[in-house]
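In what follows, a single structure is set out as structure tokens and then discussed.
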Amino acid sequence: MLRKLTPYLFVAPLMVFIALFTYIPIFASLNLSFREWNFLSPDMPFVGFRNYEQLLASRDLWNSLWVTTLFAVLSVPLRLGLALVIAAYLVRETVHVRLLRGALFLPSVTSTVSIAVVFSWVFSTDYGMVNAILGTFGLGKVQWLQNPHLALWVLIFVNTWKQIGYDIVIYIAGLQAIPRELYDAAAVDGGKRLHVFRRITMPLVMPTTYFLLVISVIEAFQVFTIVNVMTHGGPAGATDMLVNLLYEIGFVLFDIGRGSALAVLLFILLVGLAILKSRIIGRKVHYEA
Amino acid sequence: MKPENPILAGLALVAGLLFLSPVLYSIWMSFQTVDAYYAGELGFTLDNYARAVGQYNFARYLLNSLIVSGLVTLLGITFATMAAYAFARYSFRGGNFLFAATVATLMIPSHISLIPNYLTLAKVGLLDSYAGLILPAISNGFAAFFLRQYIRGIPKALDEAAYMDGATSLQVLWRIIVPLSRPAIASMALYIFITEWNNYIWPLVAVGKQDLYTLQIGLARLYRINPGEGLIDWPLVMAASTITILPVLLGFLLVERHLVRGITMGAVK
């Protein structure tokens with residue numbers, strides 16, 4: 001009897017916490033999204049789809065959806081493209097390559113708040129590093145974080161700077177798994193470097209690209225810290241990404257119903273994206289024999 | 001390893017320093033007086049650190065971060081290892097389902113649980129407490145998944161030999177599986193610690209009392225309240241930022257290889 005129970009006892013602690021803080025909250029969010037509640041009033045009346053209707057009719061939601069999509073569409077290919085090219089160079093095992101890899105990887109384990117604060121200074125108008133450098137070339141000061149057309153690009157830059165080391169490390173591992181003989185054969189055939197990169201490296205590293213694509217899109221749709229520290233979603237909503245909007249509705253306005261409805265919509269969107277990606281890209285992934 | 005080309009090595013060094021220059025400069029700035037900084041002069045002072053630690057309570061925030069990240073790591077790695085062991089070594093009814101549910105947590109965006117977890121902890125009176133910061137972060141599906149894959153690679157004959165000698169399953173876990181999985185457990189523990197150390201949104205919503213701020217919250221607040229009059233006191237902010245970065249930075253330099261190996265093993269397998 002006890003023997004049969006053993007595995008359950010081993011998994012129980014993890015399962016209890018997963019259930020309490022991951023799975024039950026999904027249903028709780030769904031339930032709350034059909035209610036009106038401000039966290040203080042004693043009752044929370046059922047209001048049907050009203051929270052969803054209000055959300056879908058609000059400009060804030062569509063703005064956030066647009067800004068977040070833009071952020072993802074611009075930053076993910078930039079990250080992965082740059083990372084693959086850099087990884088193709090850094091795949092060699094020499095001391096200086098190791099050091100450079102370490103330097104590039106460092107930001108991905110560093111505090112996001114610290115990075116956001118440091119880059120708030122880098123891009124600040126009057127005393128920032130970027131404007132100081134521009135100044136030495138005789139160029140005028142740019143209001144990076146106060147200009148609605150530039151602020152999102154700054155966030156994309158900071159996010160890329162922080163995350164690219166992780167992408168590179170993963171790509172290097174993927175590249176190391178490609179059999180050497182393929183490159184040797186290509187060299188015998190007189191393949192040009194760019195050609196080899198496109199015909200051998202890129203297709204064979206596809207499983208890694210797929211993995212990175214999935215996690216970086218999900219990550220991009222959940223960006224919050226750099227927004228909260230650097231721009232608060234401004235100027236004029238130009239960087240008001242979805243999780244920032246969720247935070248504002250749920251924890252600044254304390255509109256629990258509408259915040260939950262937004263959480264559910266975002267959840268459906270992300271799970272939908274994950275399924276769609278595995279349908280479309282999953283089939284095109286090349287795995288080595 | 002191939003012999004070094006000194007020119008390439010020099011270029012790599014410059015590229016690395018250039019890439020990290022914003023952070024390096026922020027550390028340098030933390031040793032400047034605010035007057036010297038704004039006047040564009042050179043100075044050296046430890047006063048910013050003294051003020052961050054004393055007046056602005058960063059010693060307390062550092063302690064909070066250590067307590068929270070430490071306990072999350074300890075409990076998280078323990079639970080993940082136990083579950084991984086069961087998933088790897090036992091076939092039991094519902095086991096596949098529970099394993100799938102564990103892996104599926106990797107795809108579930110964490111923001112969905114933000115409001116419900118806040119309400120749950122409010123209901124049981126655990127907001128504004130260490131427990132409130134720690135409990136929602138303990139379960140780590142990735143670590144459980146990763147360790148299960150690793151444990152499956154350990155020969156089962158070792159377990160069986162121990163059972164022959166009359167060992168219990170707990171002894172097998174503790175005496176055989178854990179010592180043989182040490183590199184995997186170490187890299188996962190490190191991964192959990194760093195993730196929790198840098199966690200921002202949960203402590204932001206779960207904590208209002210200043211005495212419970214973690215470094216991340218303390219730093220974000222310090223930057224926002226802008227202690228300089230009119231001009232931001234950047235040297236002070238950078239001292240606080242350096243305090244926030246430093247522990248992980250030192251840990252990283254000590255165990256970089258472990259960490260990178262752990263991360264890539266998880267992705268490529």
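The values are calculated or read from the model by the stated rules, or taken from the named source; none is laboratory data. This structure is a prediction, so every number in the text was calculated from the model and none was measured. Methodologically, a virtual Cβ is constructed for each residue, glycine included, from the backbone with ideal geometry; neighbour enumeration extends over all protein chains shown.
Here is a yes/no grid of residues against (1) touching a Cys at 6+ places or on another chain (Cβ under 8 Å); (2) in a loop (DSSP other than H, G, I, E, B); (3) surrounded by 17 or more Cβ atoms within 10 Å (Cβ to Cβ); (4) modelled with pLDDT of 85 or more:
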residue: A:H195; (1), (2), (3), (4): no, no, no, no
residue: A:S216; (1), (2), (3), (4): no, no, yes, yes
residue: A:Q222; (1), (2), (3), (4): no, yes, yes, yes
residue: A:I226; (1), (2), (3), (4): no, no, yes, yes
residue: A:A238; (1), (2), (3), (4): no, yes, yes, yes
residue: A:G250; (1), (2), (3), (4): no, no, yes, yes
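For segment A:56-83, a residue qualifies if it is within 14 Å of another protein chain (Cβ to nearest Cβ) and of a type in the set (A, V, I, L, M), and the qualifying residues are A:A72, A:L80, A:L82, A:A83. Does A:V142 count as β-branched (V, I, T) and not in a helix (DSSP H, G or I)? Considered against the rule, which asks whether it is β-branched (V, I, T) and not in a helix (DSSP H, G or I), A:V142 comes out as yes.
Annotation note: Cβ proximity below 6 Å between a residue of segment A:82-102 that is under 16 Å from A:G174 (Cβ atoms) and a residue that is of a type in the set (S, T, Y) (sequence gap 6+ or interchain) occurs for A:A83/A:Y171; A:L84/A:Y171; A:A87/A:Y171.
Checking B:G125, B:G132, B:G70 one by one, the residue that is under 24 Å from A:T225 (Cβ atoms), surrounded by fewer than 18 Cβ atoms within 10 Å (Cβ to Cβ) and more than 11 Å from every other protein chain (Cβ to nearest Cβ) is B:G70 and no other.
For segment A:1-22, the criterion of a residue being over 30 Å from B:L98 (Cβ atoms), facing chain B (nearest Cβ under 7 Å) and assigned to a helix (DSSP H, G or I) is satisfied by no position. Pairs meeting the criteria (first residue in segment B:79-92 and within 11 Å of B:R152 (Cα to Cα), second residue small (G, A, S) and in a helix (DSSP H, G or I), beta carbons under 7 Å, at least 6 apart or on different chains) are B:A84/B:A144; B:F87/B:G95. Quick check, is B:L190 more than 15 Å from the chain's Cα centre (by Cα), among the aliphatic types (A, V, I, L, M) and buried (at least 21 other Cβ atoms within 10 Å of the Cβ)? Answer is no for this residue. For A:L70, indicate whether it is at pLDDT 95 or above and either part of a helix (DSSP H, G or I) or surrounded by 15 or more Cβ atoms within 10 Å (Cβ to Cβ) (or both). Here the answer is yes, as A:L70 does meet what is asked. Within segment A:16-35, the set of residues being surrounded by 18 or more Cβ atoms within 10 Å (Cβ to Cβ) and farther than 30 Å from A:G48 by Cα comprises just one member, A:F17.
Any residue at all in segment A:111-120 that is at pLDDT 85 or above, more than 17 Å from B:R224 (Cβ to Cβ), more than 7 Å from chain B (Cβ to nearest Cβ) and in a helix (DSSP H, G or I)? Break it down into steps so the answer makes sense when it comes.
Going through segment A:111-120, the residues at pLDDT 85 or above turn out to be A:111-120.
Narrowing the set further to residues that are more than 17 Å from B:R224 (Cβ to Cβ) leaves none.
Scanning segment A:111-120 turns up no residue that is at pLDDT 85 or above, more than 17 Å from B:R224 (Cβ to Cβ), more than 7 Å from chain B (Cβ to nearest Cβ) and in a helix (DSSP H, G or I).
Look at (1) β-branched (V, I, T); (2) surrounded by fewer than 18 Cβ atoms within 10 Å (Cβ to Cβ); (3) facing chain A (nearest Cβ under 8 Å) and you find that B:V14 fails only one, number (3).
Of the residues contained in segment A:261-269, one or more are found to be in contact with a Ser or Thr (Cβ under 8 Å, 6 or more places away or on another chain) and at pLDDT below 95.
Residue by residue, here is whether (1) more than 9 Å from every other protein chain (Cβ to nearest Cβ); (2) under 24 Å from A:V154 (Cα atoms); (3) among the aliphatic types (A, V, I, L, M); (4) under 21 Å from the mean Cα position of the chain (by Cα) holds:
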position: A:H195; (1), (2), (3), (4): yes, no, no, no
position: A:G234; (1), (2), (3), (4): yes, yes, no, yes
position: A:I249; (1), (2), (3), (4): yes, no, yes, no
position: A:F267; (1), (2), (3), (4): no, no, no, yes
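When restricted to residues that are in contact with an Asp or Glu (Cβ under 9 Å, 6 or more places away or on another chain) and surrounded by fewer than 18 Cβ atoms within 10 Å (Cβ to Cβ), segment A:257-278 contains 0. With respect to (1) part of a helix (DSSP H, G or I); (2) over 28 Å from B:P179 (Cα atoms), the lone exception for B:T102 is condition (2).
Each row is one residue, and each column tells you yes or no for (1) within 29 Å of B:A88 (Cβ to Cβ); (2) away from every other protein chain (no Cβ under 11 Å); (3) of a type in the set (K, R).
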{"site": "B:L158", "(1), (2), (3)": "yes, yes, no"}
{"site": "B:V172", "(1), (2), (3)": "yes, no, no"}
{"site": "B:A189", "(1), (2), (3)": "yes, yes, no"}
{"site": "B:Y200", "(1), (2), (3)": "no, no, no"}
{"site": "B:P235", "(1), (2), (3)": "no, no, no"}
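Name the one entry in B:T78, B:T105 that is surrounded by 15 or more Cβ atoms within 10 Å (Cβ to Cβ) and more than 30 Å from A:L242 (Cα to Cα).
Working: B:T105 fails: more than 30 Å from A:L242 (Cα to Cα).
That would be B:T78, the only listed residue that is surrounded by 15 or more Cβ atoms within 10 Å (Cβ to Cβ) and more than 30 Å from A:L242 (Cα to Cα).
B:V34 - would you say it is among the β-branched types (V, I, T) and modelled with pLDDT under 95?
Yes: the conditions hold for B:V34.
Which of the residues belonging to segment B:33-60 are within 14 Å of chain A (Cβ to nearest Cβ) and more than 20 Å from B:R221 (Cα to Cα)? Residues satisfying the conditions are B:D35, B:A36, B:Y37, B:Y38, B:A39, B:G40, B:E41.
Hey, could you check segment A:91-101 for residues that are buried (at least 18 other Cβ atoms within 10 Å of the Cβ) and facing another protein chain (nearest Cβ under 9 Å) and say which is farthest from B:I7 (Cα to Cα)? Here the residue is A:R101. Here A:Y127 meets each of (1) closer than 27 Å to B:I217 by Cα; (2) modelled with pLDDT of 90 or more with one exception, condition (2). For segment B:243-269, a tally of residues being more than 16 Å from the chain's Cα centre (by Cα) and either hydroxyl-bearing (S, T, Y) or at pLDDT 85 or above (or both) returns 1. Of the residues A:F49, A:F39, A:F123, the single one that is over 30 Å from B:W234 (Cα atoms), in contact (Cβ under 8 Å) with a residue 24 or more places away in the chain and more than 21 Å from the chain's Cα centre (by Cα) is A:F39. Can A:L61 be described as surrounded by 17 or more Cβ atoms within 10 Å (Cβ to Cβ) and either assigned to a helix (DSSP H, G or I) or of a type in the set (F, W, Y) (or both)? Judged against the criteria, A:L61 is a match. Determine, yes or no, whether B:N48 is buried (at least 21 other Cβ atoms within 10 Å of the Cβ) and within 13 Å of B:Y130 (Cβ to Cβ). Criteria not met by B:N48.
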